[in-house]
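*Asks:* Provided herewith is a single structure, encoded as structure tokens, for subsequent inquiry.
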Amino acid sequence: MTEAEKLLEPILKFLSCETPDAWVNEAKKKENLPIILRDHLACELKAGQTAMYLIRKYAVDKDSSKVLLEWFEPYEDFLYRKRGDLASLANKNNLSKAILPKSSNAQGKSPYSQDLIDKMVLLIKEELHHFYQVLEIMVKRDIPFDGITAGRYAKGMLKHVKTFEPDALVDKLIIGAYIEARSCERFAKLAPHLDDDLNKFYVSLLRSEARHYQDYLTLAGQVSGKDISERVAYFAKVEAELILSPDEDFKFHSGTPV
Ligand SMILES: [Fe+2]
Ligand SMILES: [Fe+2]
């Protein structure tokens, strides 16, 4: 078994379906590379933001919350306000201060552990690094970033999130696991059809995305404190439906192209 196959084994078990060939055929077309890369770039930032908003909402103290927002500013400036460039984003994915838990219950102890924070901070660092790597590739290939709209995929899962805690957080963490797992599966599917440079890059992403999926799933279990397999199975179905049903809006996480 190759390293990639080993990384993918649990992911293919976790996902209810594989990416349909029709999506791969669309994604490997040369003329679709700009849309894949632009969407990929936006997805890396969204992955980082999602983790950042999760720990801001649930876990960190006031000062840390501010530090987290500032951390994202140059990236958001680039993506939403067309400010900055590759050079201005270099070496920005490091945090200067420790991110600490808030003390919110009567005992002065945070209900969410430092473990959740540490895992998410590492994940954010990696996503911001991926963002930079994708942008580097786009610049090298003269592919401009001229904006992109969000597909239906994440929204299609988030609308099923429960409205009370801690179940809402558990659901968001399970969805995080699905997004990471699907990304990993698609990178692996697409990589062999791309040129050497991109192939290497996409294979290099497998390891971190496989860990991100695992971290989200572990955290979901920890936060819930109960057996979450039923909820995982529920989202497996929702996710597979979004992947297999026809979708006119071709994106990195889109359904079957029509
Ligand atoms: Fe990533
Ligand atoms: Fe990730």
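*Asks:* Going through the stretch 42-75 one residue at a time, which ones are charged (D, E, K, R) and either closer than 20 Å to GLY176 by Cβ or assigned to a strand (DSSP E or B) (or both)?
*Replies:* The answer is GLU44, LYS46, ARG56, LYS57.
*Asks:* Determine which member of the set ALA240, ALA233, ALA220 is farther than 21 Å from PHE131 by Cα, within 16 Å of ligand 2 (Cβ to nearest atom) and either of a type in the set (Gly, Ala, Ser) or outside any helix (DSSP H, G or I) (or both).
*Replies:* Details: ALA240 fails: within 16 Å of ligand 2 (Cβ to nearest atom); ALA233 fails: within 16 Å of ligand 2 (Cβ to nearest atom).
Answer to the selection: ALA220.
*Asks:* If the requirement is being in contact (Cβ under 8 Å) with a residue 24 or more places away in the chain, within 25 Å of LEU79 (Cα to Cα) and part of a helix (DSSP H, G or I), which of these qualifies: ASP249, ASP171, ASP215, ASP197?
*Replies:* Going through ASP249, ASP171, ASP215, ASP197 in turn, just one is in contact (Cβ under 8 Å) with a residue 24 or more places away in the chain, within 25 Å of LEU79 (Cα to Cα) and part of a helix (DSSP H, G or I): ASP197.
*Asks:* Go through the stretch 206-258 residue by residue and tally those that are within 16 Å of ligand 1 (Cβ to nearest atom) and either closer than 14 Å to ILE11 by Cα or in contact with a strand residue (DSSP E or B) (Cβ under 8 Å, 6 or more places away or on another chain) (or both). Let's see the steps before the verdict.
*Replies:* Start the filter on the stretch 206-258 by keeping residues that are within 16 Å of ligand 1 (Cβ to nearest atom), which leaves 206-216, 251-253.
Filter again for either closer than 14 Å to ILE11 by Cα or in contact with a strand residue (DSSP E or B) (Cβ under 8 Å, 6 or more places away or on another chain) (or both), leaving 206-216.
The qualifying residues number 11.
*Asks:* Kindly establish whether ILE99 is out of contact with any Phe, Trp or Tyr (no Cβ under 6 Å at 6 or more places or on another chain) and within 16 Å of ligand 2 (Cβ to nearest atom). Can you show your working first?
*Replies:* Numbers: out of contact with any Phe, Trp or Tyr (no Cβ under 6 Å at 6 or more places or on another chain): yes; within 16 Å of ligand 2 (Cβ to nearest atom): no.
Against the criterion (out of contact with any Phe, Trp or Tyr (no Cβ under 6 Å at 6 or more places or on another chain) and within 16 Å of ligand 2 (Cβ to nearest atom)), ILE99 does not qualify.
*Asks:* Restricting attention to the stretch 32-48, and to residues there that are within 13 Å of ligand 2 (Cβ to nearest atom) and surrounded by 20 or more Cβ atoms within 10 Å (Cβ to Cβ), which single residue is farthest from PRO101 (Cα to Cα)?
*Replies:* Here the answer is HIS40.
*Asks:* Another question, then. Which pairs do you get when a residue that is among the hydroxyl-bearing types (Ser, Thr, Tyr), found in the stretch 18-35, comes within reach of a residue that is part of a helix (DSSP H, G or I), reach meaning Cβ atoms under 9 angstrom, with the pair 6+ apart or on two chains?
*Replies:* THR19/ALA27; THR19/ARG182; THR19/GLU185; THR19/ARG186; THR19/LYS189; THR19/LEU190; THR19/ILE243
*Asks:* I'm checking my understanding of the structure. Among residues of the stretch 209-242 that are among the acidic types (Asp, Glu) and open to solvent by 70 Å² or more (accessible area, probe 1.4 Å), which one is farthest from SER183 (Cα to Cα)?
*Replies:* Restricting to residues being among the acidic types (Asp, Glu) and open to solvent by 70 Å² or more (accessible area, probe 1.4 Å), the top hit is ASP227.
*Asks:* Mind listing just one residue for me: the one in the stretch 171-192 that is over 22 Å from LYS28 (Cβ atoms) and hydrophobic (A, V, I, L, M, F, W, C) and, of those, farthest from ligand 2 (Cβ to nearest atom)?
*Replies:* Selected residue: ILE174.
*Asks:* Output the residue which, of all residues in the stretch 139-161 that are open to solvent by 70 Å² or more (accessible area, probe 1.4 Å) and either among the charged types (D, E, K, R) or within 16 Å of ligand 2 (Cβ to nearest atom) (or both), is nearest to LEU41 (Cα to Cα). Can you show your working first?
*Replies:* The first filter runs over the stretch 139-161 and keeps only residues open to solvent by 70 Å² or more (accessible area, probe 1.4 Å), leaving 139-142, 144, 146, 149, 152, 155, 158-159.
In the following step, the residues that additionally are either among the charged types (D, E, K, R) or within 16 Å of ligand 2 (Cβ to nearest atom) (or both) were identified as 140-142, 146, 152, 155, 159.
Working: LYS140: 14, ARG141: 14, ASP142: 14, ASP146: 11, ARG152: 17, LYS155: 18, LYS159: 24 Å.
Across the stretch 139-161, the extreme among qualifying residues is ASP146.
*Asks:* Checking LEU95 against (1) within 24 Å of LEU198 (Cβ to Cβ); (2) in contact (Cβ under 8 Å) with a residue 24 or more places away in the chain; (3) assigned to a loop (DSSP other than H, G, I, E, B), only one condition comes out false. Which one?
*Replies:* Going through (1) within 24 Å of LEU198 (Cβ to Cβ); (2) in contact (Cβ under 8 Å) with a residue 24 or more places away in the chain; (3) assigned to a loop (DSSP other than H, G, I, E, B) one by one, LEU95 breaks only (1).
*Asks:* Suppose we filter GLU180, GLU136, GLU185 for residues that are within 16 Å of ligand 1 (Cβ to nearest atom) and either surrounded by fewer than 19 Cβ atoms within 10 Å (Cβ to Cβ) or at pLDDT below 95 (or both); which single one remains? Talk me through it step by step, then tell me what you get.
*Replies:* Working: GLU180 fails: either surrounded by fewer than 19 Cβ atoms within 10 Å (Cβ to Cβ) or at pLDDT below 95 (or both); GLU185 fails: either surrounded by fewer than 19 Cβ atoms within 10 Å (Cβ to Cβ) or at pLDDT below 95 (or both).
Residue meeting the stated conditions: GLU136.
*Asks:* Take the residues in the stretch 49-97 that are open to solvent by 70 Å² or more (accessible area, probe 1.4 Å), polar (S, T, N, Q) and at pLDDT below 90, then tell me which one is farthest from the chain's Cα centre (by Cα).
*Replies:* Ranking the qualifying residues of the stretch 49-97, first place goes to SER96.
The values are calculated or read from the model by the stated rules, or taken from the named source; none is laboratory data. Given the structure is predicted, the values throughout are model-derived calculations rather than measurements. In this analysis, Cβ positions are derived from the backbone assuming ideal geometry, glycine residues included, and neighbour counts consider all displayed protein chains. Accessible surface areas use protein heavy atoms only, side chains included; no ligands, DNA or RNA. Shrake-Rupley method; radii C 1.70, N 1.55, O 1.52, S 1.80 Å.
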